[in-house]
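A.B. asks: Let me give you the structure first, and then I'll get to my questions.
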Amino acid sequence: MPNTSTDTATVSSPPSADAPSPHRWWILAVIGLAQLMVVLDSTIVNIALPSAQRDLGFSDGDRQWVVTAYALAFGSLLLLGGRIADLFGRKMTFLVGLVGFAGASALGGAAGSFEVLIVARAAQGLFGALLAPAALSLLTTTFTDAKERAKAFGVYGAIAGAGGAIGLLLGGFLTEHLDWRWTLYVNLVFAAVALVGGALLLQRTTRDKSARIDIPGAVLVSGGLFCLVYGFSNAESHDWNSVQTWGFLVAGAVLLAAFTWWQTRAAHPLLPLRVLLDRNRGASFVSILITGAGMFGVFLFLTYYLQQSLGYTPIKTGLAFLPMVAALMLSSTLASTVLIPRLGPKAVVPLGMGLAAAGMVWLTGLGLGSGYTTDILPPLIVAGLGLGLVMAPAMSLATAGVKAEDAGVASAAVNTMQQVGGSLGTALLNTLSTSAVTDYLAGRNPKDPAVLAQAGLEGYSTAYWWSAAFFAAGLVISVILYRRDVPATDPDAAPVVHM
């Protein structure tokens, strides 16, 4: 073992440092609950937006900032949060993130004005940027046995993939039966359970006092990610030719290029490039980015279709996604425990990308008279199976084999890819969908309900086709980048650090 104080936890009695934690499956439950809270918060508020808008009186133009404020803070601060977890202790960072996230949720739930709600959502993003990478790095360092690690990441990948759909279901139920404020207050319940479990089960690691946070790197990457997320978010309300869109995107690219250059020279780099240069890890990061972009074709536009075209209630909409969630959880576990150890990622991840693309293409045929059982359910299940085959293996391989001191920042990079991919997908698919609607309405009567309904279908179909294109690109890229070999099953190949 390297002689650094961050490699292993200090233990006062047996079992030895190499023995697995006896509470590791309870730790998985705590980590999974915290991750579910962070993931579902990106969608749970969406269904509540109309109610919040009526209550607080903000405009349609301001509505997007309830979502964007969270995404901006979360996406731009993730890498810094991951390094903080590595340097100051994953348990402490995890618990601070939980308390802060709960406090911000309480503030948002009690908000009496639009401005307070936006501040609360930004604070949720800030503390989520501490919580998410700490949670994933705790999972990485808690499960060191190869078979157990595969099962743990199967569960974690299912939560990460299904959290958005669960958020839609829970948001619909709370909004319909209680009040929109409960879509924020519910986080207090999640956080309280995870906080008690984390305080009791997690052990502290000793801090490497010689390590420092790379301040210039933190400024460059946070600024770059902020500009990218802000630019993609602006594309929803501004034209792609607007300086508020392309200007921020260009600035983000320049800042991230400068960050990459600086990481080769910094004494204590925020994101050591060795984390990214392994082929399987690089392929996994790209797969997570593409999946984050493509899956919004399901969650976002199918939600619009079910509610606006078919007249589903918020609760019925959430229930409609449950079979997809079940399929995702099934294939996620199967991929991690059976398929990857036998076939390797080069066969499994492209198969998942192909199934997801097929599901998206299938959804393009939906119409105003489509039935759930015959027309909607089959492509949902196919897409769910595909997403599960991608999410769990990619998340596991993106953090496999990293050094103990890099576990937090590698985990943060996973969350960053998912967040940036989601922002890119939301902005691009919204823009393409809106353009398709505009083109269809040209020369037609926009006041005719039948015309408007068909225009909506044209927009949704366009989004599904482009989502399919994302996944098709992911299939090609994953075939090229992933190595042919099966990942090592020797537990010693992974960093042995017990929390």
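A.B. asks: For region 259-337, just list the percent of Cα-Cα distances falling in each 5 Å bin from zero outward, please.
C.D. replies: 3, 12, 12, 15, 14, 10, 9, 9, 8, 5, 2, 0
A.B. asks: Distance between the C-alpha centers of region 440-468 and region 470-484? Whole Å please.
C.D. replies: 32 Å
A.B. asks: Please list Ile44, Ile159 from largest to smallest accessible area, probe radius 1.4 Å, with all protein chains kept in place.
C.D. replies: Of Ile44, Ile159, the descending order of accessible area is Ile159, Ile44.
A.B. asks: At 1.4 Å probe size, what's the solvent-accessible area of Glu115? Round to the nearest 10 Å².
C.D. replies: Here the residue's solvent-accessible area equals roughly 120 Å².
A.B. asks: Quick one: length gained pulling Thr264 to Gln308 fully straight, 0.36 nm per residue minus the C-alpha distance?
C.D. replies: Stretched out fully, the Thr264 to Gln308 stretch lengthens by 10.8 nm.
A.B. asks: Starting from the Cα-Cα distance between Ala192 and Leu432, subtract it from 0.36 nm times their residue separation and give me the gain in nm to one decimal.
C.D. replies: My answer for the length gained is 82.3 nm.
A.B. asks: What's the extension gain from Ala29 to Glu458 if we count 0.36 nm per residue and subtract their Cα-Cα distance?
C.D. replies: Length gained, Ala29 through Glu458: 150.2 nm.
A.B. asks: Starting from the Cα gyration tensor of region 312-406, multiply each eigenvalue by 5, take the square root, and state the resulting semi-axes largest first in whole Å.
C.D. replies: One finds semi-axes of 31, 14, 10 Å for region 312-406.
A.B. asks: Would you work out if region 234-305 is rounded, prolate or oblate? Take a ≥ b ≥ c from the square roots of the eigenvalues of the alpha-carbon gyration tensor; rounded if a/c is under 1.5, else prolate when a/b is larger than b/c, oblate otherwise.
C.D. replies: Here region 234-305 falls in the oblate category.
A.B. asks: Still on this model: With a Förster radius of 51 Å, plug the Cβ-Cβ distance of Ala110 and Lys147 into 1/(1 + (r/R0)^6) and report the FRET value to the nearest 0.05.
C.D. replies: 0.65
A.B. asks: Can you bin region 209-356 into rounded, prolate or oblate? Criterion: square roots of the alpha carbon gyration tensor eigenvalues sorted a ≥ b ≥ c, rounded for a/c under 1.5, prolate for a/b above b/c, oblate for the rest.
C.D. replies: Since a/c reaches 1.5 but b/c is at least a/b, the shape of region 209-356 is classed as oblate.
A.B. asks: Using a 1.4 Å probe, how large is the accessible area of Asp55, given in Å² and rounded to the nearest 10?
C.D. replies: 80 Å²
A.B. asks: For Asp278 and Ala469, FRET efficiency with R0 = 41 Å and r from the beta-carbon atoms, rounded to 0.05?
C.D. replies: 0.90
A.B. asks: Taking a ≥ b ≥ c as the square roots of the Cα gyration tensor eigenvalues, with a/c under 1.5 meaning rounded and otherwise prolate when a/b beats b/c, else oblate, which class fits region 323-480?
C.D. replies: It is prolate, given that a/c is not under 1.5 and a/b is the larger ratio.
A.B. asks: Follow-up. Looking only at region 252-282, which residues have a backbone nitrogen under 11 Å from a spot 7 Å from the Cα of Arg212 in the C-beta direction?
C.D. replies: The answer is 267-269, whose backbone nitrogens lie closer than 11 Å to the label point.
A.B. asks: Estimate the FRET efficiency between Leu319 and Ala253 by the formula 1/(1 + (r/R0)^6), using the beta-carbon distance for r and 35 Å for R0, to the nearest 0.05.
C.D. replies: Using R0 = 35 Å, I get an efficiency of 0.25.
A.B. asks: Along the Cα→Cβ direction, 7 angstrom out, place labels at Ser242 and Lys447. What is the inter-label distance in nm?
C.D. replies: Between Ser242 and Lys447, the simple spin-label model gives 2.9 nm.
The values are calculated or read from the model by the stated rules, or taken from the named source; none is laboratory data. Keep in mind it's a predicted model, so treat the numbers as computed, not measured. Glycine gets a Cβ as well: all are built from the backbone with ideal geometry, and neighbour counts include every protein chain shown. Surface areas here come from the heavy atoms of the whole protein model, side chains and all, with no ligands, DNA or RNA. Shrake-Rupley method; radii C 1.70, N 1.55, O 1.52, S 1.80 Å.
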